[in-house]
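Asks: If you scroll down you'll find the structure; I have some questions about it.
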Amino acid sequence: MTFTKSVWSLIKKDLLIEWRQRYAFNGVLLYLASVVFLIYVSFMELNPEMWLTLFWIVMLFTSVNAVAKSFLQEGRTRWLYYYSIASPVAIITAKIIYNLSLMLILCFIGLLIYGLVLGNPLLHPGYFVAVVILGSISFSLTFTLMSALASKAGNSSMIMPILSFPIIVPVLLLLVKLSRESIYGGVVQWLVKDFMLLLSLDAVMFVLAILLFPFLWRD
């Protein structure tokens, strides 16, 4: 089986599992809606900068719930099956693509719910959507790799947040900083250095995933 066919087959497998276990995706949506409603009840009115910060915090914890299970739910027998049908690079690539698609869906659903419940202070929505797409890429890459690392250790559900924290905090700070331009009037000032820094972090995470996963695979 070629690399492309292997990746596509693994993505279809994850889609089929997600469809059969729809309660997991529905649970993430319920969590997302509940957190947004709790923010609404607690604050009632938010200034634009707090609106942005809370949005990214909500999406961060939503991504943990959605993406963290990538490898943590895989049993030993399933790993043996993967070993017989695909290469490790194909497996990690398929997981990244699937989790990126999932994060894009959740981020846009979250943005819709968040905007409907808490209002929309964005003066440059197109710019903010670009930052949301970049944030989805960052979250999916980071948590996919961390999930793979944690799955090979005992107490994996506890280890994953510990592994992710040093990496995700600077990503979150960059996303908040980039998002602020969307609430200011006038022409958007594209923060090229910050965009490049975030893209560089994403590139590093992708390369690490491709290089490290074959070693985890052999374990």
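Asks: Residues in the range 104-123 that are surrounded by fewer than 17 Cβ atoms within 10 Å (Cβ to Cβ) and farther than 16 Å from Leu32 by Cβ: how many?
Replies: 4
Asks: Anything in the range 147-197 that is under 19 Å from Leu60 (Cα atoms), at pLDDT below 85 and aromatic (Phe, Trp, Tyr)? List them, or say none.
Replies: Once the filter is applied, which keeps residues that are under 19 Å from Leu60 (Cα atoms), at pLDDT below 85 and aromatic (Phe, Trp, Tyr), the range 147-197 yields only Phe165.
Asks: Here's a follow-up. Among the helices (runs of 4 or more DSSP H) contained in the range 1-103, which hold 2 or more residues that are closer than 28 Å to Pro121 by Cβ and without any contact (Cβ under 8 Å) to a residue 40 or more places away in the chain?
Replies: Counting at least 2 such residues, we get 22-43, 48-67.
Asks: Further question: How many of the residues making up the range 115-129 are free of Cβ contacts under 8 Å to residues at least 24 places away in the same chain and of a type outside the set (Val, Ile, Thr)?
Replies: Looking only at that region, the number is 4.
Asks: Give all pairs with beta carbons closer than 6 Å in which a residue from the range 130-142 that is under 13 Å from Ile97 (Cα atoms) meets a residue that is among the polar types (S, T, N, Q) and in a helix (DSSP H, G or I); count only pairs at least 6 apart in sequence or on separate chains.
Replies: Phe139/Ser63; Ser140/Asn99
The values are calculated or read from the model by the stated rules, or taken from the named source; none is laboratory data. Note that the coordinates shown come from a computational prediction; the quantities given were computed from them, not determined experimentally. Methodologically, a virtual Cβ is constructed for each residue, glycine included, from the backbone with ideal geometry; neighbour enumeration extends over all protein chains shown.
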